[in-house]
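Have a look at the structure below, then the notes.
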Amino acid sequence: MTTVMWFRRDLRMVDNKALARAFQDSEDVLCVFHLNPEQLTQEYSSSQSAFLQSVEHLRQSLAKEGIQLYLLYGELEESFDQLRQVLPNWTDVYFNYDEAGYGRLRDQRAATYFRTHGIKIHAFQDHYLHGSQDVKNQFGKAYKVFTPYYRVWRALPKEKPVSVDLSFARTIELNQDPETLKIFNRLWEPLSFYHPGTEVALTKLDSFIADKLENYQVQRDYPSINGTSQLSSHLRTGEISIRMVFDAIIHYIPSDAQETFIKELAWRDFYNMVYVENPRQKGEAIQSQYKDIEWDNSLDLFNLWKKGETGFPIVDAAMRQLNTTGWMHNRLRMITASFLTKDLLIDWRWGERYFQQMLIDYDPASNIGGWQWVASTGTDAAPYFRIFN
């Protein structure tokens, strides 16, 4: 049994369902990461640089364990064709699947390819505490409002972290194509403000629980206070699992602050479910009556917003924080999004795409969901006249 472990946004060697099973079930394992041109940009993107910096960190971490992370570059099927040429005995593939967005379409294409070539698929829901089909109302339908969703979500049992033993199987090492390595290195630049890795994520988690969780319910509302967990970029890359975060938080003394943080984890699952139910939401409003809004869409005002030069101090400070650090406080994301859509009357999709380019913690489901929520075109009962002060 010759297995490929296909890493994607699960860049860790601990509590990784696909990785654990791949090494447990297999005789020989090759770890792979695919650089897909359809998902990459040649322009500057702190979001892309951060993610690929995390890939490089995983590559180095695996190497310390004597395990190669083999890089592929190119169109999906062609890349797997090339892999089959150098790995002719390839029989099984393990990966943690995506439920929504481009990742879902990619996985469907990949599944077709694997079945066509007789490669057995082992796929796992690893990225969320509850997948999109786990939380339903009494009629078996998906929730459209968060509060009733949360009540059901909270009552469901949560999976524990899984152990990973990398000694079960032999690892395969192939000659890395030097051109692929050159392309990989050209696609990103090291960010001085970004520090990748599971060790960094676990340190942040421990520090948050020890120093910030007690006052989280209050301090999270104030952008001038460093009162949030700072885990979002590591959850985005999968350098820490959502199960590890929940398992650590749930052992803290029960409190309103603890429950508030757990609710934020539920929002993550909720927005994933919303994206699955509304697969076109990146390009169109969820609420059909708001699909044809006539935005002003002033390019000059949009550029001032991006640079943090609108003349509104809180908006400008937030955008400069984003441009300088690749991160923005959650409350400021709401304020800047509201200002762009409700004050400047610029299409929320413009802002969503800029955040996609700049955020080191960019998560499609949460980012799109948040923008539509603020623009009053998404899953929320508050109508268009709600404007953040």
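The values are calculated or read from the model by the stated rules, or taken from the named source; none is laboratory data. Because the structure is predicted, anything quoted here is derived from the model rather than measured. Using ideal geometry, Cβ is built from the backbone for each residue, glycine included, and neighbour counts are taken over all protein chains shown. Calculation scope for accessible area: heavy atoms of the full protein, side chains included, ligands and nucleic acids excluded. Shrake-Rupley method; radii C 1.70, N 1.55, O 1.52, S 1.80 Å.
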When every residue in region 276-332 that is within 19 Å of residue 222 (Cα to Cα) and of a type in the set (D, E, K, R) is compared, the one surrounded by the most Cβ atoms within 10 Å (Cβ to Cβ) is 316
Within region 221-246, which residues are over 18 Å from residue 322 (Cβ atoms) and of a type in the set (D, E, K, R)?
221, 239, 243
How many residues does region 49-60 hold that are within 21 Å of the chain's Cα centre (by Cα) and either more than 18 Å from residue 238 (Cβ to Cβ) or open to solvent by 20 Å² or more (accessible area, probe 1.4 Å) (or both)?
5
Quick one: residue 176 ticks every box in (1) in a loop (DSSP other than H, G, I, E, B); (2) open to solvent by less than 60 Å² (accessible area, probe 1.4 Å); (3) farther than 30 Å from residue 86 by Cα bar one, so which box is it?
(3)
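When you scan region 180-198, do you find a residue that is touching a residue at least 12 places away in the same chain (Cβ under 8 Å), out of contact with any helix residue (DSSP H, G or I) (no Cβ under 9 Å at 6 or more places or on another chain), surrounded by 12 or more Cβ atoms within 10 Å (Cβ to Cβ) and not aliphatic (A, V, I, L, M), even just one?
Step one: filter region 180-198 for residues touching a residue at least 12 places away in the same chain (Cβ under 8 Å), giving 180-181, 183-184, 187-191, 193-194, 196-198.
Checking the rest, the ones that are also out of contact with any helix residue (DSSP H, G or I) (no Cβ under 9 Å at 6 or more places or on another chain) come to 180-181, 183.
Right, trim to surrounded by 12 or more Cβ atoms within 10 Å (Cβ to Cβ) and you get 180-181, 183.
Those still in the list that are not aliphatic (A, V, I, L, M) too: 180.
For region 180-198, residues touching a residue at least 12 places away in the same chain (Cβ under 8 Å), out of contact with any helix residue (DSSP H, G or I) (no Cβ under 9 Å at 6 or more places or on another chain), surrounded by 12 or more Cβ atoms within 10 Å (Cβ to Cβ) and not aliphatic (A, V, I, L, M): present.
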Looking at region 268-371, what helices (runs of 4 or more DSSP H) fall wholly within it and have at least 3 residues that are free of Cβ contacts under 8 Å to residues at least 24 places away in the same chain and among the hydroxyl-bearing types (Ser, Thr, Tyr)?
none
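Quick check on this structure: which one of 373, 350, 327 is at pLDDT below 95 and at negative phi? Write out each step before concluding.
Values: 350 fails: at pLDDT below 95; 327 fails: at pLDDT below 95.
Result: 373 is the single residue among 373, 350, 327 that is at pLDDT below 95 and at negative phi.
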Which one of these does residue 124 not meet: (1) touching a residue at least 60 places away in the same chain (Cβ under 8 Å); (2) open to solvent by 50 Å² or more (accessible area, probe 1.4 Å)?
(2)
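Of all the residues that make up region 146-160, how many are in contact (Cβ under 8 Å) with a residue 40 or more places away in the chain and open to solvent by less than 80 Å² (accessible area, probe 1.4 Å)?
As a first pass, look at region 146-160 and keep what is in contact (Cβ under 8 Å) with a residue 40 or more places away in the chain: 146, 149-150, 153-154, 158-160.
From what is left, the residues that are open to solvent by less than 80 Å² (accessible area, probe 1.4 Å) are 146, 149-150, 153-154, 158.
Number satisfying all stated conditions: 6.
I'm trying to understand the selection: among the residues of region 251-264, which are touching a helix residue (DSSP H, G or I) at 6+ places or on another chain (Cβ under 7 Å) and surrounded by fewer than 21 Cβ atoms within 10 Å (Cβ to Cβ)? Spell out the reasoning first.
Kept after step one, since they are touching a helix residue (DSSP H, G or I) at 6+ places or on another chain (Cβ under 7 Å), are these residues of region 251-264: 252, 256-258, 260-263.
Residues satisfying the conditions are 252, 256, 257, 258, 260, 262, 263.
Would you point out which residue out of 49, 45, 61 is closer than 30 Å to residue 306 by Cα, in contact (Cβ under 8 Å) with a residue 12 or more places away in the chain, of a type outside the set (D, E, K, R) and out of contact with any Phe, Trp or Tyr (no Cβ under 8 Å at 6 or more places or on another chain)? Break it down into steps so the answer makes sense when it comes.
Working: 49 fails: out of contact with any Phe, Trp or Tyr (no Cβ under 8 Å at 6 or more places or on another chain); 61 fails: closer than 30 Å to residue 306 by Cα.
Selected residue: 45, the only one of 49, 45, 61 that is closer than 30 Å to residue 306 by Cα, in contact (Cβ under 8 Å) with a residue 12 or more places away in the chain, of a type outside the set (D, E, K, R) and out of contact with any Phe, Trp or Tyr (no Cβ under 8 Å at 6 or more places or on another chain).
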Quick one: residue 273 ticks every box in (1) open to solvent by less than 20 Å² (accessible area, probe 1.4 Å); (2) in contact with a helix residue (DSSP H, G or I) (Cβ under 8 Å, 6 or more places away or on another chain); (3) within 20 Å of residue 354 (Cα to Cα) bar one, so which box is it?
(3)
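Would you check which residues across region 345-389 are touching an Asp or Glu at 6+ places or on another chain (Cβ under 7 Å) and surrounded by 19 or more Cβ atoms within 10 Å (Cβ to Cβ) and list them? Lay out the reasoning, then the answer.
If we filter region 345-389 for residues that are touching an Asp or Glu at 6+ places or on another chain (Cβ under 7 Å), which is where we start, we get 345-346, 367-368, 371, 373.
Residues satisfying the conditions are 346, 367, 368, 371, 373.
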If a residue must be over 22 Å from residue 21 (Cα atoms), open to solvent by less than 60 Å² (accessible area, probe 1.4 Å) and touching a Pro at 6+ places or on another chain (Cβ under 9 Å), how many such residues does region 74-118 contain?
3
Sort out which residues of region 179-208 are assigned to a helix (DSSP H, G or I), within 26 Å of residue 241 (Cα to Cα) and in contact with a strand residue (DSSP E or B) (Cβ under 8 Å, 6 or more places away or on another chain), and write them in order of number.
184
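Being buried (at least 22 other Cβ atoms within 10 Å of the Cβ) and not polar (S, T, N, Q) is the requirement here; does residue 22 meet it? Let's see the steps before the verdict.
On the way: buried (at least 22 other Cβ atoms within 10 Å of the Cβ): yes; not polar (S, T, N, Q): yes.
So residue 22 fits the description; yes.
Which is open to solvent by less than 40 Å² (accessible area, probe 1.4 Å), among the small types (Gly, Ala, Ser) and either out of contact with any strand residue (DSSP E or B) (no Cβ under 9 Å at 6 or more places or on another chain) or in a loop (DSSP other than H, G, I, E, B) (or both), of 132, 167, 163? Lay out the reasoning, then the answer.
Working: 167 fails: open to solvent by less than 40 Å² (accessible area, probe 1.4 Å); 163 fails: open to solvent by less than 40 Å² (accessible area, probe 1.4 Å).
Of the residues listed, the single one that is open to solvent by less than 40 Å² (accessible area, probe 1.4 Å), among the small types (Gly, Ala, Ser) and either out of contact with any strand residue (DSSP E or B) (no Cβ under 9 Å at 6 or more places or on another chain) or in a loop (DSSP other than H, G, I, E, B) (or both) is 132.
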